[in-house]
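Nothing in this text is a laboratory measurement; each read-out follows from the coordinates by a stated rule. Bear in mind the structure is a predicted one, so any value in this text is a computation, not a measurement. Heads up, the Cβs are rebuilt from the backbone with ideal geometry, glycines too, and the neighbour counts pull from every protein chain shown.
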Amino acid sequence: MRVGVGVVALLVLVGGCSGGGDGPDKPIAATVSGAAAVVVKGTFVAASAAPSGTTAFLYDPGAVKGPASAQLTLREDAGHTKVTLAVDGFAPNRSFGAHLHAKPCGPDPADAGGHFQHQPDPAASPSGDPQYVNPNNEIWLDFTTNDQGHGQAVAEQDWDLTPGHRPASLVIHTMATMTSPGVAGSAGARVACMTIKY
Ligand SMILES: [Cu+2]
């Protein structure tokens, strides 16, 4: 009997609250998502011969087979970030590391700086601490190409990118990303880089 009375009281309380609003539910998430999707495409240009204004650099011609390109999509939706990568023209049947980095690309592979981190490692930059260098605090997009040289990857995070704190480039590395302490995040030499324009 006591339980039954409690349920009735709760229903009355909820009913009273819902009647007090003055408008329908708004699709807030859809509005944010539409405004925050960024698509970046590029065909990689040999860094040794790249004209000024180049935003997609190739540092290692041995990592590609003919013209190589990438398409990156960053989508935010109410506290959730989804990044997708598709590449073509890379060496077939091979694994590559890929991350979003902190700085824009340049003719020097080091120009892109270290990995973008949601929560920056306060102890070191670039960081080798797996507590910060991991696919939950960074955006990793490692891929393995098929026999046509096509590869793709998806990364999803439960945090936002903001205009004041967001990655500036995609860097593709020569090998899959390592995760052990001290070498976490390392993926060998940088083979290509594409600047993210917002
Ligand atoms: Cu990287």
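The length gained by stretching the chain between ASP108 and LYS197 to full extension, at 0.36 nm per residue less their Cα-Cα distance, is 30.2 nm.
What the pair-distance distribution of segment 63-198 shows, using all Cα-Cα distances binned every 5 Å from zero, is 2, 11, 21, 24, 21, 13, 6, 1, 0 percent.
Each peptide in 144-155, 74-85 was scored by the mean count of other Cβ atoms within 10 Å over its residues; highest first, the order is 74-85, 144-155. Over segment 63-198, Cα pairs under 8 Å with separation of 6+ residues give a relative contact order of 31 percent. Considering only C-alpha atoms, what is the centroid distance from segment 34-89 to segment 117-158, in Å? Using only Cα atoms to place each centre, the spacing works out to 15 Å. Scaled to the globular estimate 2.2 N^0.38 Å, the Cα spread of segment 29-123, given as radius of gyration, is 1.24. Give, as a single signed number, the net charge of other residues whose beta carbon lies under 11 Å from the beta carbon of ALA184, with Lys and Arg counted +1 and Asp and Glu -1. The answer is -3.
Alpha-carbon geometry of segment 147-197: the Rg and the Dmax are 13.6, 40 Å, given in that order. For every other residue with a beta carbon closer than 13 angstrom to the beta carbon of ASN136, add +1 if it is Lys or Arg and -1 if Asp or Glu, then tell me the sum. Every neighbour counted, the sum reads -3.
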